[in-house]
Structure formats: C-alpha cells, structure tokens
Amino acid sequence: MKKTLIKKGAEADIYLTNWNNEKAIYKKREPKEYRNLILDIKLRKHRTIREAGIMHDVKLFGIHAPLVYFVDTKKTSILMQYIEGNLVKDLPDRKLVKICKEIGRIVGRMHKSGVMHGDLTTSNFIIQKDIIFLIDFGLSSRTRKIEDHAIDLRLFKEVLNSAHTAIMEQGWTNFLQGYKSIVGVARKNQVFSYVSIIEQRGRYATVV
Ligand SMILES: Nc1ncnc2c1ncn2[C@@H]1O[C@H](COP(=O)(O)OP(=O)(O)O)[C@@H](O)[C@H]1O
Ligand SMILES: [Mg+2]
C-alpha cells in the first residue's frame, strides 16, 4: 500500500493513501519511547479502538464523519474515508461566522448522545459542498458530564478567540444558538455556566 505522510501529529501520523481506488486516510499511532512498553501497547490499542468506535457511533446521531474502512489493533492504525473539501479553519470570516451555528448543532447532537469530542478546533471540521464533516476523534470519549461538555465549548471558544478573532463574538453567539437549539435552553445554560467556571480557574491560575 503506497502512502504519503501528510501530517505528523502528537498522537498519530496521518497518511494519504488509496483503498479500492478511492483516496483514503491512514492514521497510525506510533510507539512512544518514553512510555513503558506494555503500557504503551495497551494505550495505543485502547485509543485506536475507541477512536474508530466513536467515529462510527456519531453517525447514528446524524453527524457526518469519515467511514471506518479498517481497524488494525496490532499496528494501532485506522484506515478511513478521505473527506474531500476545505478545513473550516481556512474559510473566509463571512462564511465561518455562519457555519458556527451549524457547528453548534453538531456539537449539541454529539453531547446529547453522550459523546465529547475532546479537540474541537476549526481544523477538525471539513466542509464538503454544504455538508460539514467532523474528524479526529482521537481524544473523544463517552461522557454525559456537564464538566466534560463544557471543556469542548471552552476549547472551541478559545479557538475562535485566538485563530478567528475578527468574528469571535458573532461566531460564539451563533455557536451557542445552534447548540441550544439541540440540547435545550436549560442544559445549554448549565454547560455555559461551567465554561465560566473553567475560565475563572484559568485566570486564577495565571495570577498565582
Ligand atoms: N478523513 C480525512 N479526510 C481528509 N482529511 C483528513 C482526514 N483525516 C485527517 N485529515 C487531515 O489531516 C489533518 C490531521 O488529522 P487529524 O485526525 O486531525 O490528526 P491530529 O491529531 O494530528 O490533529 C486534518 O486536520 C486534516 O487536514
Ligand atoms: Mg486534528
């Protein structure tokens, strides 16, 4: 199988390859030398299975994510569908600000179904025509805790703040509106309040 490295990540390496004459992505977790050998194998295997499992599960909740073609627990790799399109990160502000509402709905649907993503950056959404795909479930987990869901929201807000400053406020408002439309006003307020708690903690930590 011919493959071209496209990204070396902290968690995994991403390759572009082919599968049944279709473009595909091969995501492989390499051994980490600093970890105990047995623990390292266990950890990579566990994370690979969890990532592929959640990537599949979210489709049942109406979220677009790459198809899982093959999971190799020995090589700790996942072969998945290549999603043709643009990263939401690279969209012009005018488009991005609108899309934040749909992103809010996607995240709402995921949370409502008991999954947190764990790495909600604008590099992990791909827009294909008018369909938004969510990728990179490497840090996701099954949880219904308000605190965990708030971590997702907090990260997305932080990304808007640092990478999309010009549309930060409107983007965040739109995101929350989309999120609320799925999880309901009461839950949205609970999670949102927790975002403020996390932010206060952050501020306190920098003062000390
Ligand atoms: N299924 C996919 N289809 C198209 N591009 C992908 C796919 N998976 C990953 N990529 C590209 O590779 C980049 C890194 O992959 P990702 O799974 O997000 O790993 P990382 O943990 O390094 O962020 C993405 O931002 C995207 O550009
Ligand atoms: Mg990523």
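Please find, among 119, 130, the residue that is acidic (Asp, Glu) and open to solvent by less than 60 Å² (accessible area, probe 1.4 Å). Before you say what the answer is, go through the steps one by one.
Numbers: 130 fails: open to solvent by less than 60 Å² (accessible area, probe 1.4 Å).
So the residue among 119, 130 that is acidic (Asp, Glu) and open to solvent by less than 60 Å² (accessible area, probe 1.4 Å) is 119.
Would the range 137-153 turn up any residue that is among the polar types (S, T, N, Q), more than 16 Å from ligand 1 (Cβ to nearest atom) and part of a loop (DSSP other than H, G, I, E, B)? Spell out how you get there, then give the answer.
The initial filter retains those residues of the range 137-153 that are among the polar types (S, T, N, Q), namely 140-141, 143.
Subset that is more than 16 Å from ligand 1 (Cβ to nearest atom): 143.
This time we only want the ones that are part of a loop (DSSP other than H, G, I, E, B), so: 143.
Scanning the range 137-153, I find at least one residue that is among the polar types (S, T, N, Q), more than 16 Å from ligand 1 (Cβ to nearest atom) and part of a loop (DSSP other than H, G, I, E, B), so the answer is yes.
Going by what's in this entry, would residue 49 be described as in a helix (DSSP H, G or I), at pLDDT 95 or above, open to solvent by 60 Å² or more (accessible area, probe 1.4 Å) and not charged (D, E, K, R)? Even if it seems obvious, please write down each step before you answer.
Values: in a helix (DSSP H, G or I): yes; at pLDDT 95 or above: yes; open to solvent by 60 Å² or more (accessible area, probe 1.4 Å): yes; not charged (D, E, K, R): yes.
Against the criterion (in a helix (DSSP H, G or I), at pLDDT 95 or above, open to solvent by 60 Å² or more (accessible area, probe 1.4 Å) and not charged (D, E, K, R)), residue 49 qualifies.
All but one of (1) open to solvent by less than 70 Å² (accessible area, probe 1.4 Å); (2) over 19 Å from the mean Cα position of the chain (by Cα) hold for residue 190; state the number of the condition that does not hold.
Only one criterion is unmet by residue 190, namely (1).
Being at pLDDT below 95 and open to solvent by less than 40 Å² (accessible area, probe 1.4 Å) is the filter here, so list the residues in the range 145-187 that pass it.
Scanning the range 145-187 gives a single hit, 164.
Say we look at the range 72-109 and pick out the residues that are within 16 Å of residue 61 (Cβ to Cβ) and either away from ligand 2 (no atom under 16 Å from the Cβ) or among the polar types (S, T, N, Q) (or both); which of these is surrounded by the most Cβ atoms within 10 Å (Cβ to Cβ)?
Let us first name the residues in the range 72-109 that are within 16 Å of residue 61 (Cβ to Cβ), namely 102-109.
Subsequent filtering for residues that are either away from ligand 2 (no atom under 16 Å from the Cβ) or among the polar types (S, T, N, Q) (or both) retains 102, 104-105, 108-109.
Numbers: 102: 18, 104: 26, 105: 21, 108: 23, 109: 19.
So the residue we want is 104.
The values are calculated or read from the model by the stated rules, or taken from the named source; none is laboratory data. Being a predicted model, the structure only gives us computed values, none of them experimental. Every residue, glycine as well, gets a Cβ built from its backbone with ideal geometry; the counts of neighbours run over all protein chains shown. Protein only, heavy atoms only, side chains kept; ligands, DNA and RNA dropped before computing areas. Shrake-Rupley method; radii C 1.70, N 1.55, O 1.52, S 1.80 Å.
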